[in-house]
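The values are calculated or read from the model by the stated rules, or taken from the named source; none is laboratory data. Being a predicted model, the structure only gives us computed values, none of them experimental. In this analysis, Cβ positions are derived from the backbone assuming ideal geometry, glycine residues included, and neighbour counts consider all displayed protein chains.
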Amino acid sequence: MTEIRMKVNGSVESLDVEPWVSLLDALRERLGLTGPKKGCDQGACGACTVLADGMRINACLALAVQYDGREITTIEGVAHPLQEAFVRHDGFQCGYCTPGQICSAIGMLAEYEAGMPSAVTKARGLSDAEIRERMSGNLCRCGAYNGIVDAILDVAGKDA
């Protein structure tokens with residue numbers, strides 16, 4: 001067992017974990033945070049997306065011990081206009097992917113504002129194609145993509 005300390009949603013948490021325990025399992029099973037979901041457990045769906053020091057990560061691919069001393073934010077710790085925008089624009093249906101989608105969108109907007117390019121970046125401006133590219137790591141089986149894009153555009157100040 002290895003003792004780690006993380007700031008999770010504003011509270012310092014001490015955990016004893018085996019070195020192979022994923023951050024997702026530590027959050028869900030040790031801390032009882034059920035917002036991040038275990039979808040594929042292979043980093044392909046994005047349902048487990050959380051923010052680590054403000055950057056979006058797939059918690060299923062991260063070892064908890066890697067995040068000793070770091071700040072982790074799950075959907076339970078988020079208070080962001082995107083949450084209301086998702087409701088306003090029907091950016092969810094079943095809701096399973098929504099926590100990961102919102103955490104990813106928060107991280108994506110921060111990346112965009114920091115000037116990080118994407119595969120479709122050509123000119124300044126957050127277009128539909130730009131958002132879809134930047135959010136491509138988060139899947140929605142219900143197909144709520146149009147509402148998700150509209151919610152992000154709304155919050156980014158470019159109301160769809």
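Annotations for the structure displayed:
- Condition met for ARG70 (among the charged types (D, E, K, R) and assigned by TED's automatic domain parsing to the domain that holds ALA144): no
- Residue selected from segment 69-108 under the condition assigned to a loop (DSSP other than H, G, I, E, B) and among the polar types (S, T, N, Q), by the criterion farthest from ASP128 (Cα to Cα): THR74
- Taken over segment 71-95, the criterion of being under 15 Å from LYS7 (Cβ atoms) and crowded, with 19+ Cβ neighbours inside 10 Å is satisfied by ILE72, THR73, THR74.
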